[in-house]
Amino acid sequence: MDIELVLAGFLAAAVRIATPLLLAATGELINERAGVMNLGLEGAMLAGALAAAIGSVAGGPWLGVLVGVGAGFLVAGIFGAVVIGAGAQQIIAGTAVTMGSIGLTGMVARTAFGPEGPGLTIPTFGPLPIPVLREIPVVGPALFEQSLLTYLSWLLVPVSGWFLFHTFPGLSLRASGESALAARAAGVPVDRVRMLATLGGGALGGLAGASLVLAQVGTFAERMTAGRGFIAIAIVVLGRWRPGGVLLAALLFGGAGALQFAFQALGLEVPYQLFLAMPYGLALLALAGVGGWGRSNAPRELGR
Amino acid sequence: MKTLPVRATATAGLALLAGFAVLAIVLHLAGYDALLAIGALFRGAFGSTDAFVSATLVRAVPLIILGLGIALAFRAGALNIGAEGQLYAGAIAATWIGLQVGSWPAPLAVAAVWSGAAVAGAMWIVLPVLLRLRFGVLEVISTLLLNFAAEAAVSYAVTGPLRESSGTYPQSDPIAASARLPVLPGSRLHLGIAAAVVLAIVLWVLFSRTVWGFRLRAAGLGPRAAEISGRIPVKRVLGVALLWSGALAGLGGGVEVSGVTYSLFQNLSPGYGFAAIAVALLARLHPIGVVVSGVLFGALEAGAQGMQREAGVPAVAVAVAEAVVIIAVLLAEAAARRSPSRQPATPVAPG
């Protein structure tokens, strides 16, 4: 068995699987830094996935991306209105938003695609190889033959870092997350900042859902996000609320997801349900491990 | 004797109305005949005695039991969002035990199945409890993630160790006759309804009349004050409340297996674990209220089937109504918190 081939294949799959997680986690990072924990992210991702599927069938993958982002934006908007506008309890509201999204997407998907679903009829994004870099052995095909959305997800890492830590709006955002009282005293419109952060996070969540459909799985199925939105929240914790950390954590989870294929390629027989459960177990481990010393890095206003 | 909580009931009524209204709007926008759909929903739930007894009440049983567990946790200030997973853990245990107890007398067999289910549910929440108490990990996330792990466990069970003898479908063999619950003649309503009501009364007495119940409520309403008083070990109260919450959810799964499905298969629960959150919130965490709101949500679930049959609307759409109900109750709670002259009737949610 050509170990180089297996490794390259494994890395490529890991990166591909990590992409929606990275996008969603980056979005969640932004609104958590502002002090808002959005458990409706899962709902935003699912809505984005369905919207992207419908949009792509209607007018190609780029329209799918646009509609997907819009759907995520809307879902986050509902969450933001309830939690920031009216002051409702964040965590339960987020759970309710996700529940509502599951019901809504389940219904709309049936209407749009019928009971069998869209199957393979959705136009998707193919891989976009980068000319010179792809020639690098092992790493080349893994990293540089991915879809445009994957490259975009990587670009967002330094961009979000620059925004959060080197711009004034980013400072206002972080201030809203660390001490709303002090921020308000300094003139920061905390509620508006949080709302914008939540909308941005939701938009990225919608993009994540779109990438799941258009650049990874290739089709839509009910409840296809399967908790990725919640895993993204765990990724933010594991990444200690920093873009670089989030990137590494997302890759870790991508690797866990790709493990199934590696095992199959190596001929190892393991019940597939183990791989099904692995990301969630891994998330729990990560939360526990980080819990001891990492939580002190959490924005102080988070969850209040 | 407490007077009927007028404000809480009015809030609940309005929340339900809002849920139906939004559902109707959404159905209409999606191109369905909203009036026909809502009508079908009511007919599915209340259209006949048989509908009410065999559809609505049967579905109310797990909703009440799980709702009680969630209300218990919420009262202590803990957010158990993993009832769905704990239900499945209980269902797995119940099925396994139910397959072993064929030679036992019926009451013993049922007792074994139910206790095993409760223990399994508690075991499924042990990890989140430890993570919370030891590492400060939000139990919301940990219980939520374990839901998915539980579904994977069920999938493994029905395709592996618990697979039916004929091996045709991913489901277990039916459990022994002695483990199955007696049924009201002429209907599908089983003994579980009695268990649900009894549990509600027990919890009501526990909350309102015992020291344990007082400690629980104090820990939930004001953890810092409780801690400072020196008399309430908040962490322990929280942990115990979560364990019992998990046990109740597991029991709910066991009751479903011994009373309705008689076997294990995937998607055994149409989202009871999440609907139960709505049940608990609508009841403002009051155990007797949970019985009433459990019946209401049982009606919603039963009606959803009718809606699917008659109007072609996917049953899952009812989750929209449930979500709106939760949000409406949260908004009412937020409004009550903001108005300084009013005390909220009961705590709706921790934090």
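The figures follow:
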item: Helix axis angle, A:90-113 relative to chain A longest principal axis, alpha carbon, degrees; result: 40 degrees
item: Highest-MSF residue in chain B out of B:P170, B:P185, B:P128 [GNM, Cα springs under 10 Å]; result: B:P185
item: The range B:122-166-the range A:20-60 distance, computed between alpha-carbon centres (Å); result: 25 Å
item: Where trypsin sites (Lys or Arg not before Pro) fall in DSSP loop in the range B:260-343, at most 16 other Cβ within 10 Å; result: B:R342
item: Most mobile listed residue (A:L41, A:L266, A:L251) in chain A, GNM with C-alpha springs under 10 Å; result: A:L266
item: Relative contact order %, chain B, counting alpha carbon pairs below 8 Å whose residues are six or more apart; result: 36 percent
item: Residue-averaged 222 nm ellipticity for the protein assembly as shown, from DSSP H runs of 4+ at -39500 (n - 2.57), nearest 500; result: -23500 deg cm²/dmol
item: Helix A:168-178 vs. chain A, principal-axis angle (Cα, 0 to 90°, nearest 10); result: 80 degrees
item: Cα lying deepest toward the dipole's positive end in the protein assembly as shown, options A:G60, B:G160, B:G294, charges on Cβ; result: B:G294
item: Projected label distance in nm at A:L181 and A:N297, using a 7 Å step from Cα toward the beta-carbon; result: 2.7 nm
item: In degrees, nearest ten, helix A:272-293 long axis to first principal axis of chain A (Cα); result: 40 degrees
item: Gained length - B:L17 relative to B:R188, 0.36 nm times residue gap less alpha-carbon distance; result: 58.7 nm
item: Rounded FRET efficiency, nearest 0.05, which uses the C-beta distance separating A:L120 from B:R236 and R0 of 45 Å; result: 0.25
item: Given charges at Cβ of Lys, Arg, Asp, Glu: the protein assembly as shown dipole, positive-most of B:A200, A:Q260, B:G252; result: B:A200
item: Distance between modelled label sites at B:I25 and B:T9, nm, 7 Å Cα→Cβ extension; result: 2.8 nm
item: Chain B: DSSP helices with Cα axial extent of at least 27 Å and average Kyte-Doolittle hydropathy no lower than 0.5; result: B:6-29, B:106-135, B:139-159, B:234-256, B:287-311, B:318-338
item: Packing-based exposure ordering (other Cβ within 10 Å, fewest first) of B:I97, B:I288, B:I193, A:I92; result: B:I288, B:I193, B:I97, A:I92
item: Calculated P(r) of the range A:40-152 - Cα pairs past 24 Å, %; result: 42 percent
item: Proximal charge balance of A:G80 [Cβ under 11 Å; K/R count +1, D/E count -1]; result: +1
item: Dipole magnitude of chain B, debye to nearest 20 (Cβ charges: Lys/Arg +1, Asp/Glu -1, about Cα centre); result: 1440 debye
item: Max mean-square fluctuation residue, GNM over chain A, Cα-Cα springs under 10 Å, options A:I84, A:I235, A:I30; result: A:I84
item: Whole-number percent relative contact order across chain A, with pairs defined as alpha carbons under 8 Å at least 6 apart; result: 37 percent
item: Unit charges at the beta carbon, dipole of the range B:7-338: most positive-side option, B:L146, B:T49, B:A73; result: B:A73
item: In nm, spacing of pseudo-spin labels at B:A111 and B:R337 (7 Å Cα→C-beta vector); result: 4.5 nm
item: Percentage, to the nearest whole number, of Cα pairs in the protein assembly as shown over 34 Å apart; result: 43 percent
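Just so you know, all these numbers are worked out from the coordinates, no wet-lab data involved. Since this is a predicted model, take the numbers as computed values, not measurements. Using ideal geometry, Cβ is built from the backbone for each residue, glycine included, and neighbour counts are taken over all protein chains shown.
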